[in-house]
């Protein structure tokens, strides 16, 4: 009888009668593939910087925001304080005189938003929009001036900071995204 019990136990243990948890890499592989696909998703917006000459030393710095369907952000013209409100910063002290006014075209409209994070009036920007800021060059010397735009893009809810550089070389002024 003991021999019978030992034989049955041996057969059960060696033939998989007791199921051991199986560890496979299949779910891990899928997670990696999904993560890579998420990283490859297109941004919900595109930004283009340009300069428009206004006078001998005056230029409009133009920021063109192109939004993909469903993307939106808070206008700099919103009267309430929001952390992710669109802003443009230029470190201009030495080489540029920067006007305080930022023109938004088309101008956003204030609406009431009852979302728990807003719960009040806000100016949402949900269409392609241009911003213009007047700058005056104070020198003929070559220089680099750094700046950035910052905003929270919705519905992704991520704070975006895009650095740019305004360069003057041999009297020619250019602006470009700063990839460094």
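Matching residues to (1) in contact with a strand residue (DSSP E or B) (Cβ under 6 Å, 6 or more places away or on another chain); (2) under 20 Å from residue 107 (Cβ atoms); (3) buried (at least 18 other Cβ atoms within 10 Å of the Cβ):
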{"residue": "141", "(1), (2), (3)": "no, no, no"}
{"residue": "149", "(1), (2), (3)": "yes, yes, yes"}
{"residue": "154", "(1), (2), (3)": "yes, yes, yes"}
{"residue": "159", "(1), (2), (3)": "yes, no, no"}
{"residue": "163", "(1), (2), (3)": "yes, no, no"}
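Scanning segment 125-139 for residues that are without any contact (Cβ under 8 Å) to a residue 60 or more places away in the chain and either surrounded by 18 or more Cβ atoms within 10 Å (Cβ to Cβ) or more than 23 Å from residue 100 (Cβ to Cβ) (or both) turns up just one, 126.
Quick note: the coordinates plus some simple rules give every number you see, no bench work behind them. Computed from a prediction, not measured in an experiment: that's the story for all the values here. We place every Cβ from the backbone using ideal geometry, glycine too, and count neighbours over all the protein chains shown.
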